[in-house]
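Below is one structure, written out as structure tokens, with a few remarks after it.
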Amino acid sequence: MTRAFNFSAGPATLPESVLRQAQAEMLEWNGVGASIVEISHRSADFMQVAAQAEADLRTLVGIPDDYAVLFLSGGATTQQALLPLNLAAPGQRVDYVVSGHWGKTAARQARPYVDVNIAADSEAGGFRDIPAPAQWRLSADAAYVHITANETIHGVEFRDAPDVGTVPLVADFSSSIASEPIDVTRYGVIYAGAQKNLGPVGITVVIIRRDLLERAGQPRADIFDYRLHAARDSMLNTPPTWNWYLLGLTVKWMLAQGGTAEFARRNAAKAALVYAAIDGSGGFYRNQVAPAVRSRMNIPFFLPSAELDARFVADAKAAGLLALKGHKAVGGIRASLYNAMPLQGAQALVSFMHDFQQRNG
Ligand SMILES: *Cc1c(COP(=O)(O)O)cnc(C)c1O
């Protein structure tokens, strides 16, 4: 069996040791005589797994006690719709900074419920930069300000939390959570689908400052209510138990590897290799993102023609480098270098890029 280097943007590569442990425990887990997917979420055995995953995630990301952590289904996109329902009154003003596809999606999910102000938008420039915070048109009375920490498709990322005063900052960290140390206290809410950096698809983490759970929000069913999910330890209904377990294994692996400081170091090294290959190619490979905001997680780039893009993807696949096709919204190539991608994967990609250019440049 050979596992290729998988550059998928999500669902994305997982650590081999995590998959092996899940495989070994698939039929019978922890001496309970059944698989973990076959036992009650309310059993003491599963509750222990769930609590440990939360404790480990708190350690990994540095989440203080005055923040609740929710484990929900529905993906990041569902949270984008639940945020205005939970944090803003009907029709209340909210501010969105749109720095790529996912920021735009987030604003679209909120529009039915609130008065969405696009405080800044870099679409006219092809989402190749993040608008300077000094130029954002923020509303004094906004319920929150929403940003996308890392734009998975356009490959632009915030290097730091922007200062938005006393209005809570809400950030979509789906594709960059745990990729480097962050100061959680700069944010009111951090949310992330797990399938990029935290584990499998099917579970989403919401880290929310507890005082925000007291907001009235707007009329909504219990199942859309963050406060009720927090009060019931994310077990208001049956949570995605298998995904929660796999997330727990992945988080434990990240802690054992040295935590976010170590991943920041590795991720910077991997991204530097790939950007150097692009910038040193004499224009054969092009990344159009402003250098100061280039993503370390997702690197989009282009060859001189769409034909060469397609040949690159096909030849790379034959060489054991998977899922390098760019998102259809931008085309070209995209290499995703999440925490579970080893340095050797980035090295193999760079060496393939050199060879491909030799043969086709
Ligand atoms: C993948 C992604 C999403 C969408 O996640 P779903 O789980 O498909 O809803 C949203 N935001 C960002 C930044 C993403 O990378």
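Considering THR250, THR238, the condition of being among the β-branched types (Val, Ile, Thr), surrounded by 18 or more Cβ atoms within 10 Å (Cβ to Cβ) and not assigned by TED's automatic domain parsing to the domain that holds MET297 is satisfied by THR250 alone. Checking ALA119, ALA76 one by one, the residue that is within 12 Å of the ligand (Cβ to nearest atom) and modelled with pLDDT of 95 or more is ALA76 and no other. Residues of region 162-215 being within 12 Å of the chain's Cα centre (by Cα), of a type in the set (S, T, N, Q) and open to solvent by 30 Å² or more (accessible area, probe 1.4 Å), which ones? Of everything in region 162-215, just one residue is within 12 Å of the chain's Cα centre (by Cα), of a type in the set (S, T, N, Q) and open to solvent by 30 Å² or more (accessible area, probe 1.4 Å), namely GLN195. Each residue in region 109-147 was checked for being assigned to a helix (DSSP H, G or I) and either free of Cβ contacts under 8 Å to residues at least 12 places away in the same chain or under 16 Å from LEU169 (Cα atoms) (or both), and 5 of them qualify. Output the residue which, of all residues in region 143-161 that are farther than 24 Å from LEU57 by Cα and open to solvent by less than 10 Å² (accessible area, probe 1.4 Å), is nearest to the ligand (Cβ to nearest atom). Ranking the qualifying residues of region 143-161, first place goes to ILE153.
Among residues of region 18-44 that are outside any loop (DSSP other than H, G, I, E, B), those with a Cβ under 9 angstrom from a residue that is exposed (fewer than 12 other Cβ atoms within 10 Å of the Cβ), sequence gap 6+ or separate chain, pair up as LEU19/ARG3. Considering ALA44, ALA51, ALA12, the condition of being hydrophobic (A, V, I, L, M, F, W, C), exposed (fewer than 14 other Cβ atoms within 10 Å of the Cβ), at pLDDT 95 or above and within 24 Å of GLN257 (Cα to Cα) is satisfied by ALA51 alone. On the stretch given as region 82-108, residues that are farther than 16 Å from GLU151 by Cβ and either open to solvent by 30 Å² or more (accessible area, probe 1.4 Å) or outside any strand (DSSP E or B) (or both) total 12. The C-beta contact set for region 219-230 (first residue in contact (Cβ under 8 Å) with a residue 40 or more places away in the chain, second residue among the β-branched types (Val, Ile, Thr) and open to solvent by 50 Å² or more (accessible area, probe 1.4 Å), distance under 6 angstrom, 6+ apart or interchain) is empty.
Name the residue, out of ALA272, ALA264, ALA277, ALA346, that is assigned to a helix (DSSP H, G or I) and loosely packed, with under 15 Cβ neighbours inside 10 Å.
ALA272
Scanning region 327-336 for residues that are within 19 Å of the chain's Cα centre (by Cα), open to solvent by 10 Å² or more (accessible area, probe 1.4 Å) and more than 19 Å from HIS154 (Cα to Cα) turns up nothing. Here ASP65 passes the criteria (1) open to solvent by 80 Å² or more (accessible area, probe 1.4 Å); (2) in contact (Cβ under 8 Å) with a residue 60 or more places away in the chain except the one numbered (2). The criterion of at least 1 residues that are more than 16 Å from the ligand (Cβ to nearest atom) is met, among strands (runs of 3 or more DSSP E) falling completely within region 162-240, by 204-209.
The values are calculated or read from the model by the stated rules, or taken from the named source; none is laboratory data. All figures in this text were calculated on a predicted structure; none of them were measured in a lab. Positions of Cβ are generated from backbone atoms using ideal geometry, with glycine treated the same way; all protein chains shown enter the neighbour counts. The protein model used for the area step is the full one, side chains on, heavy atoms only, and it has no ligands, DNA or RNA in it. Shrake-Rupley method; radii C 1.70, N 1.55, O 1.52, S 1.80 Å.
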